[in-house]
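The values are calculated or read from the model by the stated rules, or taken from the named source; none is laboratory data. Please read these numbers as outputs of a predicted model, since none were measured by experiment. Every residue, glycine as well, gets a Cβ built from its backbone with ideal geometry; the counts of neighbours run over all protein chains shown. All accessible areas refer to the heavy atoms of the entire protein, side chains included, with ligands and DNA or RNA removed. Shrake-Rupley method; radii C 1.70, N 1.55, O 1.52, S 1.80 Å.
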Amino acid sequence: MASEDTAVVWFRRDLRVRDQPTFLAARERAGRALGLFVLDPTLLEPAGPRRTAFLYRCLRALDDDLGGRLLVVKGDPADVVPKIAKALGAGSVHVAADFGPYGRQRDEAVEKALGDVEFVRSGSPYVTEPGSITKSDGDPYKVFTPFSREWAKRIGDATPADTDAKTLSWMDPSDKDGGPRAVKVPDDPKLDAELPEAGEKAAREQWEAFVDEHLTDYDEMRDRPDRPGTSRMSVHLKYGTVHPRTLLADARGNGKGPTSFRNEICFRDFYAHVLWWFPRSARENFDPKFASMKLDTGKDAQQRFARWQEGRTGYPAIDAAMRQLSGEAWMHNRMRMAVASFLVKDLHLPWWWGATHFMNLLVDGDLASNQHGWQWAAGTGTDAAPYFRVFNPVTQGERFDPQGDYVRRWVPELAGIEGKKVHQPWKADEPPTDYPEPMVDHKAERQEALDRFNAL
Ligand code: FAD
């Protein structure tokens with residue numbers, strides 16, 4: 001049955017049924033909807049097994065929420081989406097706008113190939129659409145704080161859309177005549193990490209537990225990797241199993257916890273804006289001055305990189321964090337900053353080596369937040385940490401993991417050293433024989449980093 005009265009809702013980074021502006025736009029135009037997801041090899045290949053498995057799990061959960069009516073197909077969206085719309089005689093295709101470099105190009109190609117079929121963008125994965133906040137002269141913000149003031153003026157408008165699975169009448173995909181073949185969501189690839197629970201329901205439960213137990217103290221506890229003080233919403237924001245509007249609706253008020261939480265959500269929008277304005281910053285130093293910075297890239301550098309990746313640097317807090325990344329596909333924000341500083345300023349390696357390793361292993365790996373987080377730590381990005389700010393790997397541990405619990409959880413070789421002494425095992429009465437000595441002298445490497453910077 002083909003009908004102008006059909007709308008296609010093409011899910012991408014919005015794998016949920018609540019707070020879904022696309023549903024409202026589709027309902028205005030059509031009596032029934034086809035829910036679609038396209039397995040696009042261009043996006044799947046670089047995602048790696050962890051994000052791929054998480055995506056598949058989200059798709060199975062979404063399919064359940066739609067009563068088993070999600071159509072999954074494989075191929076180039078510019079090819080398959082118009083074919084499906086044509087097979088249905090659909091009048092419109094609905095998406096949440098994508099602002100990433102590839103997503104923008106892909107959507108332009110799909111829109112063109114759709115011809116007369118309307119391509120309707122409603123909302124985006126962000127609170128404010130990337131590119132929408134500029135200085136009064138139209139120039140982009142390159143510094144976070146003034147951006148955040150403008151952003152704060154807008155968030156009052158960010159009311160969640162009132163939708164659920166019943167907002168639309170979902171057609172059975174097997175009623176479709178012709179067009180690309182439906183495929184089953186593939187089995188999960190083989191995994192070497194414990195992933196968080198996927199899907200919208202899991203996102204909601206995780207969020208509600210955070211609001212009940214940790215939001216009020218978020219400002220105080222957000223820097224403590226030894227405590228469960230952060231929301232763990234990053235992966236859900238990445239796949240859109242929750243929208244940041246929904247989070248902001250709960251994180252209102254002037255309390256320190258909610259205020260600080262909103263600030264972090266603003267960082268996410270800020271980096272998406274930066275990527276929109278300066279797509280090259282995903283690959284190159286945002287500040288071109290650093291192009292001539294001396295970096296180590298030879299065989300010895302690669303060996304140092306391998307020790308960092310494996311969590312065998314001899315600095316317990318750094319090693320705990322790198323092993324958390326391997327084991328959980330996630331790392332605490334404080335430790336992301338510390339291990340990034342260590343890679344760039346203690347080991348003198350290119351920040352993009354570290355950024356690529358993160359993107360390979362993080363289940364929340366996100367181009368805008370990751371690349372700009374790395375550039376911040378490397379001192380090469382937008383209002384980056386000044387280059388001379390070098391994190392001390394021992395004092396970071398002592399300050400933010402004051403009892404050493406985080407280290408002992410992830411570095412079992414050090415389980416026998418009590419309290420914060422675990423951050424300097426080489427000073428223990430009997431240093432463990434199966435844990436390495438620090439691979440570099442932090443004081444000397446800090447000086448080396450500063451000398452290289454001064455030589456620019
Ligand atoms: P919470 O502390 O609960 O924060 C709530 C939300 O705010 C997060 O889920 C996230 O969406 C956003 N947020 C928090 N801090 C930042 C920040 N510094 N920049 C941008 N958004 C932020 N975040 C990613 O989502 N994907 C990445 O690939 C990523 N790579 C990073 C790499 C480096 C080197 C650094 C320093 C930071 C990176 N971040 C990244 C930001 C941050 O570390 C994570 O968002 C955060 O640790 C996720 O845990 P959470 O959800 O419990 O955070």
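Quick notes on this one:
- When ALA203, ALA301, ALA291, ALA282 are checked against the criterion of being more than 20 Å from the chain's Cα centre (by Cα) and open to solvent by less than 40 Å² (accessible area, probe 1.4 Å), ALA301 stands alone in meeting it.
- Cβ pairs under 9 Å, 6+ apart, first in region 201-217 and in contact (Cβ under 8 Å) with a residue 12 or more places away in the chain, second of a type in the set (Asp, Glu) and in a loop (DSSP other than H, G, I, E, B): ALA203/GLU197; GLN206/GLU197
- Number of positions in region 267-283 that are away from the ligand (no atom under 12 Å from the Cβ) and under 20 Å from THR134 (Cβ atoms): 6
- Residues of region 247-266 that are surrounded by 18 or more Cβ atoms within 10 Å (Cβ to Cβ) and more than 12 Å from the ligand (Cβ to nearest atom): none at all.
- THR230 being hydroxyl-bearing (Ser, Thr, Tyr), at pLDDT 95 or above, within 18 Å of the chain's Cα centre (by Cα) and in a loop (DSSP other than H, G, I, E, B): yes
- Positions within region 333-374 being within 6 Å of the ligand (Cβ to nearest atom) and open to solvent by less than 10 Å² (accessible area, probe 1.4 Å), in sequence order: ALA340, PHE358, LEU362, GLY365, TRP374
- Region 426-440, residues that are over 19 Å from PRO350 (Cα atoms) and in a loop (DSSP other than H, G, I, E, B): ALA428, ASP429, GLU430, PRO431, PRO432, THR433, ASP434, TYR435, PRO436, GLU437, PRO438
- Condition check for VAL120: in contact with a Ser or Thr (Cβ under 9 Å, 6 or more places away or on another chain), touching a residue at least 12 places away in the same chain (Cβ under 8 Å) and in a strand (DSSP E or B): yes
- For ASP14, the criteria (1) open to solvent by 20 Å² or more (accessible area, probe 1.4 Å); (2) within 15 Å of LYS238 (Cβ to Cβ); (3) among the charged types (D, E, K, R) hold in every case but one, which is (1).
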